[in-house]
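Visitor: Structure incoming, see below.
The values are calculated or read from the model by the stated rules, or taken from the named source; none is laboratory data. Computed from a predicted model, the values in this text were never measured in an experiment. Cβ atoms come from the backbone with ideal geometry, glycine included; neighbour counts cover every protein chain shown.
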Amino acid sequence: MSIRLKVALPFLLLTVVISVIGVYVVTRLVTGTLTERLTNQLLEAGRVVSDSFVRQEDQHVKEALRVAYTDGLATAVLNEDRESVLNLVKPAFGSGTVENLIIVSPRGNEILHLLRDAAGKIIVVEQDTGASNSPIVISFLKNRNPDEPPQRALGSNLVNNEVYYYTSLPISLDGKFSGVIILGTSIKTLLPAFKQVALADIVLYGNGGQAIATTVGSADEETLGRLSISGDQYLELINTLEPLVTGVNIEIADRAFTIGRAPLQIGDDRIGVFAVALPTDFVVQFGASNRTTYAVIFSILMLAVVVIGYFVSRMIIVPLYSLVNTSQAIAGGDLNRRTGLHTGDEIGTLASTFDEMTSRLQQRTIELEEKNETLRKMDKTKTNFIQISAHELRTPLTLIMGYSQMLEHDLKNNPEMQGLARGILEGAERMNDVVDSMTDVSRIDSNALVLRKTTIELAPIIRKVQKEFKPAFTERNINFNAEGLEKLPPLTADPDMLQKVFYHLVMNAIKFTPDGGDVKISGRYVNGAEPPQLEVTVCDTGIGVDSGMHELIFQKFHQTGEVLLHSSGKTKFKGGGPGLGLAIARGIVQAHGGRIWVESPGHDEEKFPGSKFIISLPVQKKENQS
């Protein structure tokens, strides 16, 4: 008898019985139950909350346009005339309803920051709060499109640590982009008003699933902690297509609530997740007679399922358990295990196929282990060769450099011979750099890299690297620029090792950037990660990197393009080298607990799309950050 019949016949009968009973339950009992009525109310409350945020968005846009079109404001923002901007905006802000207003110039400078406190007093914030780095501002500054639609977000204001609902719009003058205006209303103001309209309590979630505001209970940290969700749940909710995910029960302040959660969507943007909560006693529960009816019906159904399931399990489940146990043993590494099943049905066929597959897997595993061992030996041989070569080359190079220096000094009256001695010295110094790189790679491969960590700042290290390459920048007419480094907080790291990292990255940028190009180093403090990170970007206007090579270029001895066509100078365009710089940089960064990666549109030696090498290093959290 085939397994299809073994399963189909008993459960076909069971399905018919359950269908008949299900129809009766749905038509006579389920209609109007507590769960359905509560869910419908949650859905309606969720729609009201979402519509309320949309209406608040419209209010922000109207207020922003009223302020942005104040006569003379666009010109004052373009000129970064803070006093004029304050005099023009403050009256309009005072007569409006929003509680936070920020204006950013086209150059990314925070020109004005106004707050309205609980008493209605207007506060002029003097410090730069970093609003220009917000995602809802960066796109405006990048695109400079005066017709770009509004953007919105939930964010914390670092001045008072209050959570606001923000909307940003471009400021324009004669059809040209003149800056960005950001308006915000405190969530503490919005949620109570929304609760009155929705007739339900509201919860707002920030990135990562942390509850940031609620009208449930006292809204203290304990309540917010109980209402919070995991990061995975947050991601699932922010991407869901369902209008509201309901059925979550929680007890707050000795009262049970049912919660429905949904993504907070304004326009085409999903800026977070919100929830609406209703007490589970919001509607009257069913009477005892209905509960008794449910209990009797489902008790009989469960008994029938248990009886039929027992007989089905004897025919199907036992062989399946054998298959499961065998597969678990194989997954644990026991490739000698076999099922040994010969039932004559589909399960027997499956077991035979499984055993054959396991035999082949065992053979392939043995072959792979042999090949991996060969590769490990080859890699060990290569590492030993690097160590021996670096050691053996060090002594003769030292002699060559010493004698070359002596010759250069002694031949000062013979310019021609002195030039030859200087050429020998420069070649020896370059070979010494290669030996140093080989030594660094050897230490990284053997986990022998020793870090002498201390508290440092990145700006002086970058200046040292810039000074070292100053002749190359001058010779190649390459413009070097460093920005945002002085504001970075200190970090704990090995200064000499980090200098090597930036030395190799800047040298790479010079080599693959044509004459007259640009090399820029910028940094920023990223507080969203845990621990916080310092991100330093080395950007060039060079030939770029193919997307398929973004990982390969960090491997030892990897070379971009045709190696034989490379220039001989290490700072010449497409100059030569042993292909160790990026491998060393990655090894040092990883030893510091950070990571390094490259971003580039692709390789093009005509359009020069450029590359960005980004380093992320852990750093202590700033004391003035929340």
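Visitor: Restricting to the range 322-353, name every residue that is of a type in the set (Ser, Thr, Tyr) and in the same structural domain as Ile366 (by TED's automatic domain parsing).
Guide: Just the residues of the range 322-353 that are of a type in the set (Ser, Thr, Tyr), to begin with: 322, 326-327, 339, 343, 349, 352-353.
Result: Thr339, Thr343, Thr349, Ser352, Thr353.
Quick grid of which residues meet (1) modelled with pLDDT under 90; (2) under 19 Å from Lys612 (Cα atoms):
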position	(1), (2)
Leu458	no, yes
Lys470	no, no
Ala482	no, yes
Thr492	no, no
Asp496	yes, no
Val501	no, yes
Pro514	no, yes
Val519	no, yes
Gly523	no, yes
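Visitor: Tell me which of these Lys90 doesn't satisfy, since it passes every other one: (1) of a type in the set (D, E, K, R); (2) within 34 Å of the chain's Cα centre (by Cα); (3) in a helix (DSSP H, G or I).
Guide: All conditions pass for Lys90, except number (2).
Visitor: Pairs, please: C-beta under 7 Å, at least 6 apart or cross-chain, first residue modelled with pLDDT of 80 or more and in the range 36-58, second of a type in the set (Lys, Arg)?
Guide: From the range 36-58, the pairs are Glu57/Arg152.
Visitor: Return the only residue of Ser156, Ser186, Ser178 being within 15 Å of Val104 (Cα to Cα) and of a type outside the set (D, E, K, R).
Guide: Numbers: Ser156 fails: within 15 Å of Val104 (Cα to Cα); Ser186 fails: within 15 Å of Val104 (Cα to Cα).
Answer to the check: Ser178.
Visitor: Would you pick out the residues in the range 308-328 that are modelled with pLDDT of 80 or more and surrounded by 15 or more Cβ atoms within 10 Å (Cβ to Cβ)?
Guide: Once the filter is applied, which keeps residues that are modelled with pLDDT of 80 or more and surrounded by 15 or more Cβ atoms within 10 Å (Cβ to Cβ), the range 308-328 yields only Thr326.
Visitor: Could you look through the range 114-143, keep only residues that are polar (S, T, N, Q) and part of a helix (DSSP H, G or I), and pick out the one that is farthest from Ser156 (Cα to Cα)? Quick ask: steps written out before the conclusion?
Guide: So the first thing to find is which residues in the range 114-143 are polar (S, T, N, Q), and the list is 127, 129, 132-134, 139, 143.
Now narrow it down to the ones that are part of a helix (DSSP H, G or I): 132-133, 139, 143.
On the way: Ser132: 14, Asn133: 13, Ser139: 19, Asn143: 25 Å.
That would be Asn143.
Visitor: Going by the conditions given, is Ile111 in contact with a helix residue (DSSP H, G or I) (Cβ under 9 Å, 6 or more places away or on another chain) and more than 22 Å from Ile271 (Cα to Cα)? Outline the logic, then answer.
Guide: Details: in contact with a helix residue (DSSP H, G or I) (Cβ under 9 Å, 6 or more places away or on another chain): yes; more than 22 Å from Ile271 (Cα to Cα): yes.
Taking the combined requirement at face value, the residue satisfies it.
Visitor: While we're here: So Val465 fits all but one of (1) of a type in the set (Val, Ile, Thr); (2) modelled with pLDDT under 90; (3) surrounded by 15 or more Cβ atoms within 10 Å (Cβ to Cβ); what number is the exception?
Guide: Status for Val465: all satisfied but (2).
Visitor: Could you check how many residues of the range 174-211 are touching a residue at least 60 places away in the same chain (Cβ under 8 Å), more than 24 Å from Gly94 (Cβ to Cβ) and in a strand (DSSP E or B)?
Guide: Here the count works out to 6.
Visitor: Let me ask another. Scan the range 61-81 and report the pairs whose first residue is touching a residue at least 40 places away in the same chain (Cβ under 8 Å) and whose second residue is part of a loop (DSSP other than H, G, I, E, B), with Cβ atoms within less than 6 Å and a gap of 6+ or a chain change.
Guide: As it stands, the answer is Val61/Pro150; Glu63/Gly96; Glu63/Val98; Val77/Ser105, since those pairs meet every condition given.
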